[in-house]
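Okay, so here's the structure we're looking at.
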Amino acid sequence: MRPSRMLPALVAVAAISLLPSPAVAAPVPTVAVTRAGLDPSLVAGRGASVNFLEQEAERARTTGTVIGPDRTAYTLPAEASGRSAVRLTPGQYVEFTLPKAANALTVRYSIPDAPDGGGLTAPLAVKAGNTTRTMTLTSQYSWLYNQYPFSNDPKAGLLHPDWWLAECACVPAETTPTPVISKPFRPSHFYDEERLLLGRTFAAGEKVRLTASSAVPWTVIDLLDSELAGLPYVNLIAANVLAFGADPTGRRDSAPAFDKAIAFARKARLKVYVPPGVFQVNRHILVDDVTIEGAGNWYTIIKGREVALSSPAPDGSVHTGVGFYGKDAADGGSRNVHLSGFAIQGDVRERIDTDQVNAIGGAMSDSSVKGLHIRHTKVGLWFDGPMTGTRVENNIIVDQIADGLNFHTGVTKSVARNNFIRNSGDDALAMWSEKTTNAGNTFDRNTVQTPVLANGIAIYGGRDITVSNNLIADPIREGSAIHAGSRFGAEPFTGTLKINNNTTVRAGTLDLNWNIGLGAIWLYALDKSIGATVEVTGDHYLDSTYNAIMLVSEWSVKDLYSITDVHFKNIRIDGAGTSVLSARVAGGASFENVDARNVGAVGVNNCGSFGFTPAGSEFTVTDRGGNDGGWLAPWMLPNTITCDDRPPVVAPPAPSPW
């Protein structure tokens, strides 16, 4: 989602340099598999079930130095999984011990940008057992700068000098003397990923050593994913794209061959099969009533360049690129589309909101997208409805310029389940009811890590929506882990919004525009009130930087809108730097069996709508019993004003078994 301009902060935020944060000595190495940077037992039953095991570099053996932990936006540690990583200079290494047999690796890393932007490339030596291979790292798809919608130029001046700026607590164009803004300004989106098939299987206990080259002054390694990739899938009774002229070497454009194979398959009532290889596709492939299967996302790679259009398209696009698109909803949309078992690699390096350069797009009803690996597109999957009955399952979506997935405009009875999203450039998973209401949709058992901007999961309006069993970790800025907002022109919330059995980790970020902490879960009434029933049940909020829960409105509409009929039940809060609840809106919420420990400040920050009348806050807290940990004292009920937006932050201890 596109970020809105928020209430100005009252104090300035210092500009951040490009340098990694001060390093500390590497820890004693352990063979540690983590999920979201934690012991997997702490997040059991939440998030996606994936084929790989994740290991954090800061827990491995290294001759480099650990950077972090640090959650300060625009720094390398803040965008790292678990909020720490390892910095290597040339010749230094980080060495992992394989926890299980593996023949495939994914490395999440960062290397510097070129002085004028555009990125660098550098080799990384990957030694597995006694075999050394080379992985090519690049920063061509990372390092964004400046204000929204960002720039690739580290030397650029402000994109919007007429916008209020937190760094100077001013509007630069209206300020005399004009404030000096350090460059590069607001660097972000530092990390990228690279995958490597090792050529054979290495046993559990064998070492994988990553050694930095001298091509760049430093290499930061965040984590290693290792897995045992199965054999390529083969379908002999299908329309094989090779028979229609597709080039598996990637040298020639294979888009016409895909079109021919799809046309033949529809007439013959066959599936389309894309065998192992790299296939160059530099435009959209239109799909309707067709099944396209690859050999598996490690083996079938559909890769394309971003291509500038000679004139803008009717939808405003100025580029095209690789993607599989359903027909426009205005033309009836597509149906019965099933895509599975391949990778899509785009070439998107800048954010242009009008560009349709997404991996999956258009309208697809009664369809499925399963087992894809998507990277370097603008959005992984952006569906423009009305459409219904689509399932998005078991995909890996990484390194996006904007959203991971968005159900946009009248998407109904659709599900995103068991997807893994890391390093999105905006909301990782979103439902946006713009103009037409979304209804009956579910986000279930997904894992979201390190969304660079905005939220892990965001719901903008809609009817009878469910968000369940998800794991969301390490949101960076201008958002948090779970969000429900009446904003961006969305239709109102109606029916029941169910937010059940999710776990958030290291969320509750500092909003740099407001200069206050958000909640791991936050509800925001900006365009209108939120009056639908909101049921939050069974969630766990772990190690929140600021608040666990926040309900808020914009200052300019604080006397117009409210948030009501919100119910929290059976919640665990293990660590909040400030409060369990921050209420900055009129309305109310109930709490039952909400247990909290390691809370840094007062349990309830109740500002209401800031009327501060003798009658108390405009926000009512209802205690339904069983709220343990001392955070909800009787004297706070029902609406005692306890307003302190900026108390000292007390970093909680690491989460532990309850």
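The values are calculated or read from the model by the stated rules, or taken from the named source; none is laboratory data. These numbers were taken from a predicted model, which means no experiment stands behind them. All Cβ positions, even for glycine, are placed from backbone atoms using ideal geometry, and neighbour counts span all protein chains on display.
Assorted remarks:
- For segment 84-94, a residue qualifies if it is small (Gly, Ala, Ser) and assigned to a strand (DSSP E or B), and exactly one does: ALA85.
- Filter result for ALA589 (out of contact with any helix residue (DSSP H, G or I) (no Cβ under 7 Å at 6 or more places or on another chain), surrounded by 16 or more Cβ atoms within 10 Å (Cβ to Cβ) and under 21 Å from LEU510 (Cα atoms)): no
- Looking across segment 372-393 at every residue that is in contact (Cβ under 8 Å) with a residue 60 or more places away in the chain and not aliphatic (A, V, I, L, M), the one that is surrounded by the fewest Cβ atoms within 10 Å (Cβ to Cβ) is identified as ARG375.
- Of all residues in segment 435-443, one or more are among the basic types (Lys, Arg), within 24 Å of ILE563 (Cα to Cα) and modelled with pLDDT of 95 or more.
- Only one of VAL649, VAL580 that is surrounded by 15 or more Cβ atoms within 10 Å (Cβ to Cβ), closer than 30 Å to ARG35 by Cα, within 26 Å of the chain's Cα centre (by Cα) and not assigned by TED's automatic domain parsing to the domain that holds ILE499: VAL649
- Filtered by the rule that a residue be crowded, with 23+ Cβ neighbours inside 10 Å, assigned to a loop (DSSP other than H, G, I, E, B) and touching a strand residue (DSSP E or B) at 6+ places or on another chain (Cβ under 8 Å), segment 72-83 gives LEU76, ALA80.
- Count of segment 29-42 residues, restricted to those that are out of contact with any Pro (no Cβ under 9 Å at 6 or more places or on another chain) and either outside any loop (DSSP other than H, G, I, E, B) or surrounded by 21 or more Cβ atoms within 10 Å (Cβ to Cβ) (or both), is 4.
- Taking segment 209-308 as the region of interest, the strands (runs of 3 or more DSSP E) fully inside it that hold 3 or more residues being under 30 Å from SER81 (Cβ atoms) are 219-227, 300-303.
- Residue match in segment 498-508 (condition: surrounded by fewer than 24 Cβ atoms within 10 Å (Cβ to Cβ), more than 19 Å from the chain's Cα centre (by Cα) and either on the phi < 0 side of the Ramachandran plot or of a type in the set (Gly, Ala, Ser) (or both)): yes
- Entry remark, segment 227-239: residues being surrounded by fewer than 17 Cβ atoms within 10 Å (Cβ to Cβ) and farther than 30 Å from ALA102 by Cβ number 1 in total.
- Among the criteria (1) without any contact (Cβ under 8 Å) to a residue 40 or more places away in the chain; (2) assigned to a loop (DSSP other than H, G, I, E, B), the one ASP565 does not fulfil is (2).
- Qualifying position, being of a type in the set (Lys, Arg), touching a residue at least 12 places away in the same chain (Cβ under 8 Å) and buried (at least 24 other Cβ atoms within 10 Å of the Cβ), among ARG61, ARG108: ARG108
- For segment 435-458, a residue qualifies if it is in a strand (DSSP E or B) and either closer than 30 Å to GLN147 by Cα or of a type in the set (Phe, Trp, Tyr) (or both), and the qualifying residues are PHE443, THR447, VAL448, GLN449, ILE457, ALA458.
- Residue list for segment 394-407, restricted to those being surrounded by fewer than 24 Cβ atoms within 10 Å (Cβ to Cβ) and farther than 30 Å from GLY230 by Cβ: none
- Of all residues in segment 56-69, none satisfies being over 26 Å from the mean Cα position of the chain (by Cα), part of a strand (DSSP E or B) and either among the aliphatic types (A, V, I, L, M) or closer than 30 Å to GLY157 by Cβ (or both).
- Any hit, segment 185-201, residues being under 30 Å from the mean Cα position of the chain (by Cα) and among the small types (Gly, Ala, Ser): yes
- Among the candidates LEU210, LEU223, residue that is touching a residue at least 24 places away in the same chain (Cβ under 8 Å), of a type in the set (A, V, I, L, M) and touching a helix residue (DSSP H, G or I) at 6+ places or on another chain (Cβ under 7 Å): LEU223
- Residue check, THR97 touching a Phe, Trp or Tyr at 6+ places or on another chain (Cβ under 7 Å), over 23 Å from ASP399 (Cα atoms), at pLDDT 95 or above and surrounded by fewer than 24 Cβ atoms within 10 Å (Cβ to Cβ): no
- Residue match in segment 290-305 (condition: touching a residue at least 24 places away in the same chain (Cβ under 8 Å), surrounded by fewer than 22 Cβ atoms within 10 Å (Cβ to Cβ) and more than 26 Å from TYR233 (Cα to Cα)): yes
- Residue count for segment 601-638, restricted to those that are surrounded by fewer than 18 Cβ atoms within 10 Å (Cβ to Cβ) and either assigned to a loop (DSSP other than H, G, I, E, B) or in contact with a Cys (Cβ under 9 Å, 6 or more places away or on another chain) (or both): 14
- Test: ARG108 is assigned to a strand (DSSP E or B), under 18 Å from ILE401 (Cβ atoms) and charged (D, E, K, R): yes
- Among residues of segment 185-205, those that are of a type outside the set (A, V, I, L, M, F, W, C) and either part of a strand (DSSP E or B) or surrounded by fewer than 16 Cβ atoms within 10 Å (Cβ to Cβ) (or both), counted: 9
- In segment 537-558, the residues that are part of a strand (DSSP E or B) and under 21 Å from the mean Cα position of the chain (by Cα): HIS540, TYR541, LEU542, ASP543, SER544, ASN547, ALA548, ILE549, MET550
- Residues of segment 147-170 satisfying the condition of being aromatic (Phe, Trp, Tyr) and either in contact with a strand residue (DSSP E or B) (Cβ under 6 Å, 6 or more places away or on another chain) or assigned to a strand (DSSP E or B) (or both): PHE150
- Among the residues of segment 459-484, those identified as part of a strand (DSSP E or B) and crowded, with 24+ Cβ neighbours inside 10 Å are ILE459, TYR460, GLY462, ILE465, VAL467, LEU471, ILE472, ALA473, ILE482, HIS483, ALA484.
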